[in-house]
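Report on one structure; see the data block that follows.
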């Protein structure tokens with residue numbers, strides 16, 4: 001089931017869009033916090049975004065650029081500001097389509113379905129995870145924090161995926177080594193220690209100090 005993220009501050013319009021999208025069997029969520037749209041996007045991990053231009057605080061162009069740092073997910077701008085300059089701006093900022101308000105909900109749904117087909121018929125879906133402002137994109141082995149992209153090795157990414165999925169719980173060294181073995185890479189105790197140390201240095205260089213905690217005799221964890 002596809003997930004659609006609606007970034008629209010007019011609650012009546014947002015509710016109508018959500019109800020119509022859900023009637024087609026999709027999951028839809030309306031943005032609740034317009035001060036940090038990117039964090040809500042990462043937490044929901046949608047396959048498509050509907051994005052208004054005029055929003056409280058920062059506008060839709062800003063949030064489209066922030067989303068593009070994390071994902072290539074399709075973005076449809078939906079706005080009453082529909083002159084040629086704004087349509088061109090929307091496309092240049094990473095938008096895939098533009099729908100002018102007022103619009104027909106059936107036309108909106110047709111455009112959503114067309115974009116989903118083009119985006120996912122021949123491509124795998126990404127996996128995003130968020131913790132303490134850091135957003136992990138498992139599909140391209142990258143971590144984004146405060147606008148900075150951190151490229152990870154295969155083992156570093158697998159370690160972070162395992163720890164972030166278990167967020168708040170200790171993961172044993174044995175479990176981490178088992179996960180790394182799944183990549184057909186030989187991993188012993190020393191190899192794991194080296195990988196965790198290298199990963200911590202990358203995180204600390206980006207400002208994520210004490211992101212991975214050690215529990216002596218037990219393993220590692222990321223605290224929410």
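None of the figures in this text is laboratory data; all of them are computed from the coordinates on show. For clarity, every value in this text was computed on a predicted model and none was experimentally measured. Because the Cβ atoms are built from the backbone with ideal geometry, glycine has one as well, and the counts that use them run over all protein chains shown.
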Quick one: Cα convex hull volume of the chain, Å³ per residue?
-> 130 Å³
In deg cm²/dmol, rounded to 500, what helix-only [θ] at 222 nm does the chain give when every DSSP H run of at least 4 residues adds -39500 (n - 2.57) and the total is split over its residues?
-> -13000 deg cm²/dmol
With Cα atoms, 0 to 90° folded angle of helix 60-70 axis to the chain main axis | 30 degrees
Give me the distance in nm between label points sitting 7 Å out from Cα along the Cα-to-Cβ direction at residue 178 and residue 223, one decimal.
-> 2.6 nm
For the chain, averaging the sequence separation of alpha carbon pairs under 8 Å that lie six or more residues apart and dividing by its residue count, the contact order in percent is 14 percent
Looking at the chain, send over the antiparallel percent of its DSSP beta bridges, to the nearest 5.
-> 50 percent
Rounded to the nearest 5, what % of the DSSP beta bridges within segment 24-148 are antiparallel ones?
-> 55 percent
Contour minus Cα-Cα span, residue 91 to residue 10, at 0.36 nm per residue, comes to 26.9 nm
Would you please classify the overall shape of segment 128-221 from the alpha carbon gyration tensor, given that a ≥ b ≥ c denote the square roots of the eigenvalues, rounded means a/c under 1.5, and beyond that prolate means a/b larger than b/c while oblate covers the rest?
-> prolate
Prolate/oblate/rounded call for segment 3-120, Cα gyration tensor, a/c under 1.5 rounded = rounded
